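Worksheet for the structure shown next.
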Amino acid sequence: MFKFPPRYVPDNKVLALDPPYFPAWTFPLLNEPHDAGIPARAVEGGLRCIVDPWGSMDVGDEFKLYWKDTTAPVCSITIDADQKNNRLVFDIDESHILNGDASPVYYTVKRISQDPEEPDTKWNLLVKLDRPGGFDDDQATPGHSGLLYSIPQDIIDHGVGSGDAAAGVPITIKPYENMRRNDRINLAWGSKNVYHTVLDGQVDKEIIIPVSKEIIEAAGDSNGVAIAYQVVDVCGNYPGGASTWSAVTKLLVDLGNNRLEAPLVLVGGFPVEEIDLEVLAGADAIVRVTPNRTDHAVGDTLRMTWIGTPAEGTAVIVGPLDLPVTTIPSYCDFTIPYEYVAAIAKGRASVNYVRIRSGEADRPSKSAAVTVIGEFRRYVAPNINEAVGNTLDPALNFYTISVPYYAGRNPGDELFIVCEGRTASGVPTYYDNYASVGDEAVGAPVPVNLPKAEVQRLDGGSLTVYYSVNGQPPSDELTLSVGVAAPSLAIPTVVEADANDVLNPDDVNPAIGANVIVTYTQTLPDDKVVLHWRGSSSSAPDASRDLTANTAGKPVPFTVPFTYVSGNLNGTVDVSYAITRGINLVGKSIVRSLRIGGGLDLIAPSVKQATGSAPTQQLNPVAAKDALTVVIPDYGVQPGDKVSVTWAGAAGDGSHITPAGDLPANQEIALPVRMIAYNLDRLVTVTYTVIQNGSELPPSDPLSLTVQTLIQDDLLAAKPRILQAANNGEGPELDVATLTVGATIRIDNWPLIAQGQYVWLRVKGIKKDGTNYERTLWQAPGSRVSSGWVSDGYATNTVPLSDLRELRDGSTLTVEFKTTFNQSTDEGQAITFPLRTYTVKAIELIKPVISSVKGQSSNADIPNGGNTVETSVILSGTATAGMSVEIFDGTTSKGTADVSAAGDWSKQVTGLAVAEHRFTAKALYGSELISAVWVVTVARALGILVGYYPFCHAASPDGTHVYVTVPDSKSTAIVSTANNSVVKRIAPFESGNLLGTVAVAPNGTRAYIVNGKWNSRRNIVQIVDTSTQLVVDQIEIDPARTMYEMAVTRNSSYLYVYTSGYILVYDTATHALIKSISFYGHSGHTVMSQVADRAYCVGWQSGSGKSIFYVIDTLNHTVIHDLSSGLPIYVHRIALSPDGTKAYIIHSGIDILQVFDIATNQIVKSVSLPSDGKGAFYGLAVTPDGAKLYICRGRRREIMVFDTRTQTLLSSIVIPDEIDGTGATSITLNGVGTSAYISMSEGLHLGYISLV
C-alpha cells in the first residue's frame, strides 16, 4: 500500500542537508535491503522530488541531484531569489528511472567559493515498474486474467460443510507475472481476509493458503460466499488493467448453524448479484429482508451490515442499521447510499443481518455477495474556507483546508493533504500534512490548518490542493489563483497604534476597544464594508457595515472589542477590509500587521567567555574549551517567555539552535563546546529568539563573534613524544640501540579535542645511506579520534624497529602531528601541532656468525671441518636484526640473506662441487664485519665403519636411523643418519649366532633381527624397542628350519618370517605363531604393500631353479594368487612401486628384470640385464616418487638404474673409491630418494652416496 513520506523537521544543525524525499514513494520497505520503494504510478510523467531548504541557503548555490550515477546529475538547479530558503520541488524525467536498484540517490550543494557538500544520508531505493500479475487489458472478462487460483473440485461441487471447515479449505494461488518475494496476497473469503507474504522459496511456485475454520465461521453461511484474491507488491503496486482483483468464485457454505436466509440486494427493484454503477445511475441500492412467519415475529429487530471491499484501500462499511418487523409478511428495506456503493467500484460487498428478539440469542443470517462494476470513485475536492470564488488572498494570517465528508468515513482515517503551488515566476512549491478523522459529525468536513507562509510566497501564482484517504488514489483537485485580486484599497487606520504598527493595550480604552477607520471613500450607497481582525491568538468576528446615502463616500469607523486586543498580547494582528457592491468585489485593502504590546528592544546577546562588548566580541578558543555560554540581555523578560539561541557558523556541526525553553534566572544559555572547533578563525553570528504568549518575535540583533585560531602554545600539551626517548620522551636523544621493539609515539589530548576529528602522524629522518626517510602512521580518512582516545586522554602508535635501525647515527628524527578541528578529511585544513625533533643514536652493529650447516635433504648437521655427500646445504646464523648478510664460498658470492627481528638468518646453497668449501657471512652494514670460516668438504661418498661385510640393513620410517647386521663382527650396528656414525651396537642372542636380515615395523616402534647358529640350528628373532634401542624380547623359531628374510605387514601387526618350506606368521603383539604358509622356495624374499593388505613373496626351488611367486592376503594370511606359472627360473628379489601398482622382479640366474602389473597379474615388460653369472643381482630399491629402480650388482662395484617410466636402463652409478668392498649387495634410500646407504661384500664400511 501507499506509504506517506517522512517529515523532516529542522534540528540543531543549521547548515545540515536533509536527504531528498519523494511524495509517492513507499517508505520504509520492510524486510528489504532498500530504504524505500518507487512504484510505477510515481514515475508516470516524471518522479516528483522534494528537497527541504538547507541552512544559509542563498542565491547562487548550485544544487545537483544524482540518481545511481555519481558522475552525471539528473537534475541541476542554480538557486534564485524566488527559491532561496524555500523547498525545491521538481520532477525527474522518467527516462532516468529504470526498473531495479537505484543507489546511491543523493544531492550535493555547492555554495559560492566552497566545495560541494553531501548529506549524511544517501538513499538505496528499489524501483519497481512492473505490476504484480502484469497488465490485464481484457475488460470483457470479469477479474484480472493474470490472477489465477484453484479450489478443490469437491468444494466447488458440494460446498463447505462443517467437516470441511474444521479441516480448513486450501486455496491454491497460481504463479503470476512479476511474482516477487514480499508480495502481499490478500485472499478474500466473503467479508473476511487472509493475508500471506510471499517468501523467497515461493516465487514462481504455487502457494497454498489455508482458510481456517475461524475465518469460515466468521464470514458465516452463504449460498454464495465470494472468493477472490488481490496482490500488492512491496513498492505498493497493484495489478494493472481493468481489474485489480482476480475473478470471483462463489461457494455454498453451510456449517449447519441454522442461519436465516440471506438478504437480497436490489437495483431498480430487482435482485442482483452484480451492481453496475452506470445502471444504478446515482440511485441508492437496497438491501431487502423478507420476514416470514417461521423465522420472524412482529417486534423483532433486524440489524443489517454491509461490508464493502474496494479495488484499493480499506473497507467501506454501512451499518449496522436497525429496522423493526411491524407486520408479516412484509419487506424490510435498508438503504445503501449511492456514494457508499460507488466507493467500492471494481470491488464487492458482503451483506447479512442479525435477527434480535427479546429473551433469545441473536440469530444471524447467511451472507449475500455482490460485485460492483464501473469506474473508480474519486473523492470530492477539498475547499479552503478563506477563498473568495477561485481566488485566495495571500495577506491573511490563517488558512483552513476543509476535507469534505466522504462515504465510509471512520474515526482514525488518515488524511494526507498535498498542496502544490506555482509562484508568480513559475517556480513549483510543495507542502504536505497529515490529519486524522476525529469526532467530527457525520456530514461535517475535517478542518486542517495551512501555514500562511505556504500561501504568501504564491502571491501572483496558483495553488492546487488534493488529499488521499488511507493511501487510496487521490481526490479531485481544488485549484485557486493566489493574489490575483491584489489588494487595491487603502490600508486601514488603527487609531491607537503607533507609527511602527505597535498597538499597546495600555493605549486602548477597555470599555470601547480599538478604533479602526476604513479610509477608502469612493463608496456608494448599498456597498458593504467588511472588517477582518485576524489575531495570532484571538480573532474577532468579521464586522460589516451596509452603507447608506449618509455614510457612503466617507471613512467608515469600526470598533474592535478590547478582548481581541488584550487576547493577542505579545502577538500579532492582521487588520484588513473588503468592499462588495452587490455580488461583485470592489476590492480588498492592504493588510496592516500590528504587534500587540509594548515594543521589545532585543539587543544583541554576548558570549560569557569572549572579550569585548556586544554587538562585537572576540573568543579565544582555549577560554571556551570547557564551557560556551550565551548571555541574554534584559529585554523586558516576562513570565513564561521561551528563548532559543541560534549560533550560525560553519555548516553541519559548526552551527546549532537550542530548543526554545525557559530563560534561567541568570539569563545564561549553554551551547555545545564542540562547535568552536568547527569555527576556528571564522566569524560567527549569534542571535536569540523570544516566544511570548505563544507568539514568536523576530530574532534579536546579531552578535558578531570572531573565533580566534589556536596558537602553538595552546597545543603544547599534545606535542608528540616517543616514550622510549630520553627524559620520558622529551628528548633530545633517542637511543635506538636500547630498543627491542618499535618506538611508541604518544599524543596527549589537546584543547577542543572531539571524537571524529581526523589526524595525521608522520616521522621523518635520514637513513644510513643518506636518503630521506618518511613513514606515515596516521592519515585521513582511515585515522580519526575515537571515543576511547578522548576518554583515555591519549593515543599511541608505533614506529617499526626495523625503520629505526635504518637511521643514520647522529641524524635527526622529526615527529609531525596534525588534526582538522572541523573534521574535514582535507589535510590542507589541518592544524600542525608543535614538532618534536630527536637526535638518533644508531644501533650496535653485530658481527655475523655462522652457527650451523645442515644437509638440505637429510637435515643432518655438518660440523665445521666435516664431510658430506650432499651438494645442497643450509647455512644459518646470527647478525644485526633487520639487516642483511651476504654468503661467500671462498670469494664466490652465494647470495644474501635477511636477518629477522630476532637476529637470525638462514641461506640455502646449492650446486656444490666435490671439493672443500669455505663459507663466510659478510655483513651488508657497518665496515668489514665478516664471520669466521666454516669448512665443509663435499665428497663423492662416505664410508661408515661398521665391521667386515655389512650384510643387510633397513631404515626406520622416520629416517633417523639405519639398522645394519654385520655377521662377521657378530653385532647389529645402529647408524644415526644425522651424523652418519654408529651410535649403538646390539650383540647377538648368543655368542656364535649368525646375524642375518633385519626389518623395521612401518609404525617405527620395533626392529626385528634374525639370529641363527649354524651348529645347533637354533633360530632367534631379536625384538628391539626403537625408542630405547634395547632388545626387549625375542621369538624362537623351529631350529629345523633355515631362516632367510623377514617383513612386517603395513599395519605392523604381523611379522612374516621366510624359512625353508614355510612362511611363518607371528602376531607382533603376543609373539605367537598364528599361521604357517607352505612355500617351497630357496633364497626367498618377501615385500609388503604399503597401500593394500598384501604380501608379495618370491623364491626358487633348489635344484630345478623353478620360480615361485605368491600373493598373500595379510589380513587372513592366505595365498590368494599363485603367479608362479610361466615365470622364468631363479626369481631372486622383488620390489614394489610406492603406489602399489607395479612389482619389479629380478631373475638372478638368467639375468632378467621383469615388470609386473599388479592389477592384471600380468608381466608387462622383460628387460635383459648384463650377465655376471648366477646370483649376481641382489638389493632393490624404488624411489619415493616411483620414477627409478636401483639394482645392486653383487659382483661389481656399481648400481644399475632403471627408469620405470620409459622402462629402460639408464647409466649405472659407480661406487666411489671411498667405499671399500667387491660388490654392492644391499641398498636403502633416504626419505626423499636423493642418497642411499650401500652394503659392500668383503667391505668394512656401510657406504653412503649421493644419487643426484
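Every number here is computed from the coordinates shown, using simple stated rules; none is lab data. In this text the structure is predicted, and so the values were computed from the model without any measurement. Using ideal geometry, Cβ is built from the backbone for each residue, glycine included, and neighbour counts are taken over all protein chains shown.
If you take mean projected area of the Cα convex hull in nm² from the coordinates, which of [x] 76.4; [y] 83.3; [z] 70.8 do you get? Checked against the structure: label [y].
Summarising the strand pairing of the stretch 14-169, around 85 percent of its internal DSSP beta bridges are antiparallel.
Counting only DSSP beta bridges whose two residues both lie in the chain, roughly 90 percent are antiparallel.
Coupling constants for the stretch 1151-1166 follow from the phi torsions by the Karplus curve (6.51 cos²θ - 1.76 cosθ + 1.60, θ = phi - 60°), and in residue order they are 6, 10, 10, 10, 9, 10, 8, 6, 5, 9, 6, 10, 6, 10, 7, 10 Hz; glycine and proline get x. Amide H contacts for residue 1006 (H built 1.01 Å from N in the peptide plane; partners 5 or more residues away or on another chain; cut-off under 5 Å): 1001, 1026. Take every DSSP beta bridge whose two residues both sit in the stretch 36-128; close to 85 percent of them are antiparallel. Panel order for 1204, 371, 738, by other beta carbons found within 10 Å of each beta carbon, from fewest to most: 738, 1204, 371.
Distance between the C-alpha centres of the stretch 138-189 and the stretch 938-1005: 89 Å, rounded to the whole angstrom. In terms of packing, defined here as the mean over residues of other Cβ atoms within 10 angstrom, the peptides 1136-1147, 1103-1114 line up highest first as 1136-1147, 1103-1114.
Let me know the whole percent of all Cα-Cα pairs from the stretch 849-938 that are separated by more than 18 Å. When every Cα pair of the stretch 849-938 is considered, 36 percent fall beyond 18 Å. The stretch 297-428 gives an Rg/Rh value of 1.17, both radii derived from C-alpha positions and Rh following Kirkwood. For residue 1165, the residues 5 or more places off, or on other chains, whose built amide H falls under 5 Å of its own are 1155. Summarising the amide proton neighbourhood of residue 247: residues at separation of 5 or more, or on other chains, whose placed amide H is nearer than 5 Å comprise 144. In order along the stretch 507-512, phi translates into HN-Hα couplings of 8, 10, 5, x, 7, 10 Hz, rounded to whole numbers, per the Karplus curve 6.51 cos²θ - 1.76 cosθ + 1.60 with θ = phi - 60° and x for Gly and Pro. In the chain, the calculated helix contribution to ellipticity at 222 nm averages -1000 deg cm²/dmol per residue, counting -39,500 (n - 2.57) for every DSSP H run with n ≥ 4.
Taking the centroid of alpha carbons for each part, the stretch 1149-1205 and the stretch 30-76 are 84 Å apart.
List, in the order given, every pair from 719/764; 64/452; 907/984 whose Cα-Cα distance in the structure shown is over 24 Å. Cα-Cα > 24 Å for 64/452; 907/984; rest within. Pairs to check: 110/642; 767/922; 192/346. Give those whose C-alpha atoms are more than 25 Å from each other in this structure. Pairs exceeding 25 Å: 110/642. Shown in residue order for the stretch 720-732 are the 3J(HN,Hα) couplings computed by the Karplus curve 6.51 cos²θ - 1.76 cosθ + 1.60 at θ = phi - 60°: x, 8, 8, 4, 7, 6, 4, 6, 6, x, 6, x, x Hz (x for Gly and Pro). Sorted fewest first by neighbouring Cβ atoms within 10 angstrom, 430, 238 come out as 430, 238. Annotation for the stretch 252-291 versus the stretch 567-636: alpha-carbon center distance of 66 Å. With 0.36 nm allotted per residue and the present C-alpha distance subtracted, the residue 665-residue 1211 stretch has 185.5 nm of extension available.
When each of 733, 274 is scored by the number of other beta-carbon atoms lying within 10 Å, the sequence from fewest to most is 733, 274.
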